[in-house]
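Please treat every number below as a calculation from the coordinates, not as lab data. It should be emphasised that the depicted structure is a prediction, and the values quoted were computed from it without experimental measurement. In this analysis, Cβ positions are derived from the backbone assuming ideal geometry, glycine residues included, and neighbour counts consider all displayed protein chains.
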Amino acid sequence: MTVEEIDLATRNQVNARRNFIAGLWAGQRLGVPSSELSAYVESVMESDYQEPGRGDVVRKLKADFDRLGKKISESEIASRLKIIERNVRAELLTTD
């Protein structure tokens, strides 16, 4: 599945879209090559099925940042997810 296909598939699903955008954000910050970005985004989206809430996504992203020696706290990641989710909700309210 390409990034464009994932974008279309998740447009009306807040959590999935939040995770899609978070995967793009993290992937870019982590230096994931564009040829691997779709797979990375999918892995972020899949991580949300481990438990209710966004904690599983936060821990997955934190582990990815830690693995590459990039410093970021869980609270920073959680804050970024809240901002992304707020933007997704606003986006959905302004579209047909």
Cα gyration tensor category, rounded, prolate or oblate, for the chain with a/c compared to 1.5: oblate
Projected label distance in nm at A78 and Q28, using a 7 Å step from Cα toward the beta-carbon: 2.5 nm
The chain, relative contact order in percent, only Cα pairs under 8 angstrom and at least six apart counted: 29 percent
GNM top mover of V57, V32, V44 - the chain, alpha-carbon springs below 10 Å: V32
Ascending count of other beta-carbon atoms within 10 Å, so fewest first, for D66, D56: D66, D56
Segments 69-78, 13-22 sorted - mean Cβ within 10 Å per residue, highest first: 13-22, 69-78
Simple Cβ-charge dipole of the chain, Lys/Arg +1 and Asp/Glu -1, about Cα centre, in debye nearest 20: 480 debye
Modelled FRET efficiency - R0 25 Å, E36 with R67, Cβ distances, 0.05 increments: 0.95
